[in-house]
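The values are calculated or read from the model by the stated rules, or taken from the named source; none is laboratory data. What you see is a predicted model; the values in this text were computed from it and never measured. When we count neighbours, we look across all protein chains shown, and the Cβ atoms used for this are built from the backbone with ideal geometry, even at glycine.
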Amino acid sequence: MKIALMDSGIGLLAAAAEVRRLRPDAELVLSSDPDGLPWGPRTPEDITRCSLTVAEAAAAHRPDALIVACNTASVHALPALRARLEPGIPVIGTVPAIKPAAASGGPVAIWATPATTGSPYQRNLIEQFSGGAAVTEVPCPGLADAVQYADERAIDETIAAAAALTPPEVRIVVLGCTHYELVAERIRAAVQQPGLPPLVLHGSAGAVAAQALRRAGERPGTGPGTDSAAGLPGLTVLLSGREEQLPQAALAYAEGRMLAAVSPAL
């Protein structure tokens, strides 16, 4: 089985690690766009254009499914990606985990990029799935960029700024950007209030990985994906279409180190 993942940057690592955990034999194709970063300030038309380019680079490797491991691309480009690639390649988007987060009754905070916070897309998800739970939208300017470049000081500063905007009574935080899942425990430590029950975090990586494997399993002929010489699962890294190694910043995170450790190409 071969699963491709696309994102503007290294936010796809969380979902890639989940795929590898669920199917250790699966080949992975990681396609991102470091030359075009950041996508957030771009127009929807620009984001769609960039997303199609990155997706087509991954599609050339004939995966059994493609995960759009990027909230921004899922918001703006998912219909275009599905129109271009399906039914040949199932396309799985990333949606903030508002529904499972709100199931406990809240209160809930959604951490997201400034472009997503307050957007009609996110507001619609809240209306559909909050179930009456109190939901606070928290913009996190600069956090995705800080994670992308593994800038430790900037990560600490941007997390602290978002934590200050998070109501102290919040017990559940939805991570509304795939990059945030790479620093989930740092977010938990910043938001956790002394003497209160442990904070619950909801990301999307596990759900989209499981859905991609389900969709891929529906295709005939899918089977183990391994590097024939090494007997290890293959990992192909595409940076703005170029086949390279994982960027150094990816190795700052446990997910990146895990993928690098089992790949014969690195």
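Taking the listed residues 105, 93, the one that is more than 21 Å from residue 240 (Cβ to Cβ), more than 18 Å from the chain's Cα centre (by Cα) and surrounded by fewer than 24 Cβ atoms within 10 Å (Cβ to Cβ) is 105, with no other qualifying.
Taken over segment 104-121, the criterion of being of a type outside the set (Ser, Thr, Tyr), at pLDDT 90 or above and touching a Gly at 6+ places or on another chain (Cβ under 7 Å) is satisfied by 110, 111, 112. From the list 189, 161, 205, the lone residue that is at pLDDT 95 or above and more than 20 Å from residue 11 (Cβ to Cβ) is 189.
Residues in segment 82-103 that are out of contact with any Gly (no Cβ under 8 Å at 6 or more places or on another chain) and among the aliphatic types (A, V, I, L, M) were compared, and the one that is nearest to residue 146 (Cα to Cα) is 95. Of the residues 216, 212, the single one that is closer than 30 Å to residue 135 by Cβ and at pLDDT 90 or above is 212. Within segment 14-31, the set of residues being touching a strand residue (DSSP E or B) at 6+ places or on another chain (Cβ under 8 Å), over 13 Å from residue 65 (Cβ atoms) and among the aliphatic types (A, V, I, L, M) comprises 30 only.
Within segment 1-54, restricting attention to residues that are among the hydrophobic types (A, V, I, L, M, F, W, C) and farther than 26 Å from residue 257 by Cβ, the residue that is surrounded by the fewest Cβ atoms within 10 Å (Cβ to Cβ) is 52. Residue 100 meets the conditions (1) surrounded by 18 or more Cβ atoms within 10 Å (Cβ to Cβ); (2) within 19 Å of the chain's Cα centre (by Cα) in every case but one. The failed one is (1).
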